[in-house]
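The values are calculated or read from the model by the stated rules, or taken from the named source; none is laboratory data. If you're wondering where the values come from, they're calculated on a predicted model, not measured in any experiment. Cβ: placed from backbone, ideal geometry, glycine included. Neighbour counts: every protein chain shown.
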Amino acid sequence: MDIIYNIFAILEKGIVDGLTPSLGAAVALAVMAFIKVFLVANVGLIMVMVFIYMERRVLGRFQVRIGPNRVGPGGILQPLADAVKIMIKEDIVPKAADRLIFNLAPVMVFVPVMLVFAVIPFGVGVAGGQKYYMSVADLDIGILYVLAVTSLGEIAVLMAGWSSNNKFALFGAMRAAAQLVSYEVPLVLAVVGVVIVAGSLSLTKIVEAQAVPFIFMQPLGFVIFITAVSAELNRTPFDLLEAESELVTGYHVEYSGMKFGMFYLAEYLSAFAFSAIISTLFLGGWQGPILPSYVWLLIKILFVFFVFIWVRATLPRVRIDQVMALAWKFLLPLALINIGVTAVEALLWPTFPWFLAPVNIVIGVLAVWAMAAAFRSVWEPQWKPARLAATPVGG
Amino acid sequence: MALKSQPIIVNIGPQHPSTHGVFRLRVAFDGEVVQDVEPIFGYLHRGSEKLAEERTYTQIVTLTDRLDYLASMTNNQAYVLAVEKLAGIEPPERAKYVRVLIAELMRIASHLMATGFFINDIGAFATPLMYCFREREKILDMFEMCCGARITYNYMRVGGVSHDLPEEFYPALRSFMAEMPARIDEYEELLTENEILVARTKNVGVISPEKAINCSISGPVLRASGVKWDLRKADPYEVYDQMQFDIPTGAAGDCYDRYKVRIEEMRQSLRIVRQCMDRMPSGPVLARAPSLVRAPVGAEAYGHIESPKGELGFYLVSDGGISPYRCKIRSPSYINLTALRDMLLGWKLADLIVIFGSIDINMGEVDR
Amino acid sequence: MYGLGILKGMVVTLRHLFKKPFTVEYPEQQVPRSSRFRGYEFVWYEDRCTGCASCAKFCPLGIIRIETSTEQDPGVGGKYKLEKFDIDTGRCMFCALCVEACPYDALFMGSKFERGSYSRAGLVVHKEDLNKGEKKPSVYYRPHLEAAGYHNEKELSSREVGRW
């Protein structure tokens, strides 16, 4: 029974101890790290396929229809068929496109997301009296590393839109530059509250500090974080960067073949990464009663993604100026209130006992209600469009 | 120092997911703000008015099916009313009730489609669209029981309708009427108070009542601006003068009011359908008219109805033969489109799509 | 409270998650068709047809081509012998005005719609194809068949299918 819970820890200890006498400690650790990276990369890509399938089937059931169910039993080979189709398509580069940046943009979108997986703790195990965390590298600055690395993907969006030499793509890229950069601010500030409660930036220590999951201890932070993550992932209601009905897929409209496959993959990979981050930061990571730790994390990740799909099925899209107003005028003050309240609680009750959870929930609901009431006059502007002297469109 | 800038000219081309057909819009943008708009249409022109001069009056019904192809029954009704005025044929009572019943069901189907696609353009990825289409399927199944087809019906004839309602129509209609009010309430629950929808559509694309009347706009767009004008009450045709229903109007003339007006019109259509069902007399459904209809030389007639998109009218001139001399179609989408430029200037790209979706244009009608 | 509209919408969507999907999985399941369905095929009874060509005259598109034999004279009340009876179903719009026009109940719409072909010429239906085809007519514009409650169950002979 213990073997199932600690299988990965036992394997790790076995490999390192087995290789140390022959190769030396440093090389053995390097081999172990390589094996871990290999496993995590593969797990990430396989989970992307699961996510794509899950999104299409669950979205279909929300819309009283069946999703894809022809390819393979129950349609589970559909993402594989999609991948094969994308790979065998012709790679078209527009004649007037900036070739270097055009070719570089998909790579730059994909790499930062893969780097996030290095710090996510997938579980925990005990082998030979020692606790092993199932993450590739248990950095002390874990969450700071994640936030820094994901910001690199934004420049790639701008590169893709600009180099396509297409006005629709440029529209999408300009909107992206505004949206993705604006939502970094509430994202980071929501994490600060969590860090104050946990007392450390390391992801493993944040999980261990969650006797009460932080969704109850930091409800306001959770709401802000999940909204900001929706915007960072370009998911509805913030998917105006690839608004199909307006911009015909926005910044990646000129990409075809595997380059488009990179964008597609990076989108779902970052959904997986951020769902993992949310589960780690707010839902208690790998902790749970009966099942092994890695299974619990998987269940939580799937649940968070289900909430994303649910929101996508229901809500319409927000306009770009409303998106910016939401980030700067609604989420930012809420995040600052959250930090203030958490800091005061940290001074008075440094160990954060459990009764602070209902207190924080009440404060969170009141703050959201007050800000929404104040924000409503900002959100529904009564502005009239400027009566411009029409410049003729011409021939 | 003011920056010297040049507007970007973007071609929201004939092939676009939200232009509701083949419609081309050349827009000059300054950033995201619309500066000028040039609509270019004609991609679906099939020469319906010229073809009508070579077909007999009964064969033209098949041409009118294809004008507003999403609401074919009301096209048929408008044309058939014009011919009956021209040739002096009076349909029997039961035919009039059947026509009103079918036309109101068609209005519900058309408004369902308009609402579904409007919300789809705003961004709610197809979910309300799928719900609306589920109900539209039931209406189309009922029409299939009547006349055998689902989109181009060819159902109404000069002097009545071609077939009587079959036996299986009545239970289907009863079950539809039983569940439809709950479904409309469900759409309202999903959409009407949704803050994002309100923020996207309130005060967007406003057109004042004076401007709407000056531009000859008709239909839900006119009623949303506050003008209480509905041809079913202003110039009643068939048996609408004996039906009791209200005309929903809006106050502000923005996209949100147009959406609300369509939802309310669906409810009023259900009322009319119920009254038709209760009061339908028995009798023949087709008047005894010659199959090759002729009208006196030089006779002219204009028959118009309140179609789901606005006032649809047919102007027919006869030269005594089996075909009309001239058939002119006054299509509501074409006339509503002339006010597009005024509605769009000064708004952003995202609003452009929303406003265009809320006017509910059908390119088959615009291009004929 | 601001924000409740969104939550109400999300509850509606969640309710739909647990309902049965509305999809009909073609081709294993078929959408039930009504008895008056104007299918994409024609059912023709040669021994009822007199060669009057009313169907060709009433067709709005002019896609019916009838050639009768010039050898024999039918006489009063007799029938022309048909040499050619072509319907170009590639251009047909299935409006069934030809069915309405036929005075002898010889032409009917069918009920099948799965008729694909690899060339446009393959869509033209000739006299031999009409004679070989299945004789299961649709009851469109044939009130006597509808009164008899017929719905594509069995093949009808030329005596059962007409009014005289």
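The table below gives the values:
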item	result
Any hit, the stretch A:129-152, residues being surrounded by 21 or more Cβ atoms within 10 Å (Cβ to Cβ), at pLDDT below 85 and in contact with an Asp or Glu (Cβ under 8 Å, 6 or more places away or on another chain)	no
Which listed residue, of B:I102, B:I119, is among the β-branched types (V, I, T), crowded, with 24+ Cβ neighbours inside 10 Å and within 14 Å of chain A (Cβ to nearest Cβ)	B:I119
Flag if C:K8 is more than 14 Å from chain B (Cβ to nearest Cβ), more than 27 Å from C:R120 (Cα to Cα) and surrounded by 12 or more Cβ atoms within 10 Å (Cβ to Cβ)	no
Residue count, the stretch A:348-358 (criterion: surrounded by 13 or more Cβ atoms within 10 Å (Cβ to Cβ) and outside any loop (DSSP other than H, G, I, E, B))	2
Residue in the stretch B:56-76 that is farthest from the chain's Cα centre (by Cα), counting only those that are closer than 19 Å to B:A114 by Cβ and not in a helix (DSSP H, G or I)	B:R66
Residue count, the stretch B:145-176 (criterion: farther than 28 Å from B:F125 by Cα and part of a helix (DSSP H, G or I))	10
Selection count, the stretch A:87-105, where residues are surrounded by 14 or more Cβ atoms within 10 Å (Cβ to Cβ), out of contact with any Leu (no Cβ under 9 Å at 6 or more places or on another chain) and assigned to a helix (DSSP H, G or I)	4
Complete set of residues in the stretch C:140-161 that are within 14 Å of chain B (Cβ to nearest Cβ) and in a loop (DSSP other than H, G, I, E, B)	C:Y140, C:Y141, C:R142, C:A148, C:G149, C:Y150, C:H151, C:N152
Residue satisfying condition, being hydrophobic (A, V, I, L, M, F, W, C) and in contact with a Lys or Arg (Cβ under 6 Å, 6 or more places away or on another chain), within set A:V157, A:V136, A:V192	A:V136
Which listed residue is out of contact with any Gly (no Cβ under 6 Å at 6 or more places or on another chain), under 21 Å from B:I89 (Cβ atoms) and aliphatic (A, V, I, L, M), from B:I305, B:I335, B:I361	B:I305
Check on C:A106, more than 14 Å from chain B (Cβ to nearest Cβ), buried (at least 19 other Cβ atoms within 10 Å of the Cβ) and either in contact with a Cys (Cβ under 7 Å, 6 or more places away or on another chain) or among the aliphatic types (A, V, I, L, M) (or both)	yes
Hey, A:G67 farther than 20 Å from A:G129 by Cβ and touching a Lys or Arg at 6+ places or on another chain (Cβ under 6 Å) or not	yes
Flag if B:M142 is in a helix (DSSP H, G or I) and closer than 25 Å to B:P281 by Cα	yes
Single residue of the stretch B:118-146 satisfying the filter (at pLDDT below 85 and hydrophobic (A, V, I, L, M, F, W, C)) that is nearest to B:M177 (Cα to Cα)	B:A126
Residue list for the stretch B:135-150, restricted to those being within 11 Å of another protein chain (Cβ to nearest Cβ) and touching a Leu at 6+ places or on another chain (Cβ under 9 Å)	B:E135, B:M142, B:F143, B:M145, B:C146, B:R150
Qualifying positions in the stretch B:194-215 - assigned to a loop (DSSP other than H, G, I, E, B) and either surrounded by fewer than 16 Cβ atoms within 10 Å (Cβ to Cβ) or at pLDDT 90 or above (or both)	B:S208
Test result for C:C95, at pLDDT below 90, under 17 Å from the mean Cα position of the chain (by Cα) and within 14 Å of another protein chain (Cβ to nearest Cβ)	yes
Failed criterion for C:I64 (all others in (1) modelled with pLDDT of 90 or more; (2) surrounded by fewer than 17 Cβ atoms within 10 Å (Cβ to Cβ); (3) within 17 Å of the chain's Cα centre (by Cα) hold)	(2)
